[in-house]
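Inspection log for the structure reproduced underneath, given as structure tokens.
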Amino acid sequence: MHPALSVIVFTTTSGAGYGLLAWLGLAHASGLLAVDGPLGWIALALSFVLITAGLLTSTFHLGHPERAWRALSQWRSSWLSREGVLAVVTYAPMVALAAAWWTRDSGGWSVAAGYLAALLAIATVASTAMIYASLPTIPQWATGWTLPVYLTLAAMTGALWLAVLVHFFAAPSVLVYDIAMATVIAAGLAKLAYWRAIDRRPATSDRASATGLGDLGTVRVLEQPTTSQTFVMREMGFQVARKHSDRLRKVTLVVGFLLPLIALAAALAADHALLGGGLIVLAAIAGSLGTFTERWLFFAEAKHVSMLYH
């Protein structure tokens, strides 16, 4: 599949925003981390910016962005529509959290708002993943590992940026750093499992099964369907060379997972606050860049079965 920049930016940016919002909601509701001061306001603002920027960027991939609102009406049958509905609804508990911190309310409805914000943020990311996981025509997406990869990467990027904000706007928290390291490990393992699954998955369709003529002998294409490149060929026929794919996988693993782990571990051991802060920022930036590369590969390595015809 053609890796459209708008969709890559949307899924990585909004994923980080929803991951950060989920951690904020859980932190507020559980009381394990005080987020009702400057930390909470700045983190909530960053989450809002990331989510909104991602959602706006996603409309650039549409032929008629002004009609995007119509997708919300198909929520009964479409994961894309469910994603849109959840994305809009999630703003409500986000505002409720801001109101709770403004009024200094730490119980009752504000706790519910925290849990609801986390739940809806997770559900929105899950809906995004299911848009792709529900497409049997693209075997590289229709795997049980697509959903865990999206969820763990959102949790990882959200936790990394929360660690940055905690370091600079609150008292250092070993718990937050431990959570960030755990999510990096979880996301890395999920991605490795995903690559293993798509590399070992046998072909689910070929020309013979697609036409139903396999019993008659070898099925071959006598003529190409078109003499010029079409939209289907451009969007669904994009191919990345295996050597480039292997190289980018290694870049993703090193930059997206290994480097953040090393930087976080070094930050925990650092005696100087400024050095520790720099290492944590490095971890967050590396994790975000690695996620961007991962998402490019997610699209580039996918192949639509219609290309059997083309």
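Rule-based calculations on the coordinates, nothing more; no lab input. This is a predicted model, so every value here is computed, not measured. When we count neighbours, we look across all protein chains shown, and the Cβ atoms used for this are built from the backbone with ideal geometry, even at glycine.
Counting 0.36 nm for each residue step from Ala171 to Ser6 and taking away their Cα separation leaves a gain of 55.7 nm.
Each peptide in 80-86, 160-166, 270-276 was scored by the mean count of other Cβ atoms within 10 Å over its residues; highest first, the order is 160-166, 80-86, 270-276. Stretching the chain fully between Ala53 and Arg196 yields a gain of 48.2 nm (0.36 nm per residue, less the alpha carbon separation).
Using the Cβ-Cβ distance between Leu274 and Leu189 with R0 set to 30 Å, the FRET efficiency from 1/(1 + (r/R0)^6) comes to roughly 0.40. Put simply, the amide H of Lys303, placed in the peptide plane, has neighbours under 5 Å in Gln140, leaving out anything fewer than 5 places away on its chain. Between Val221 and Ser245, the contour length at 0.36 nm per residue exceeds the alpha carbon distance by 5.8 nm.
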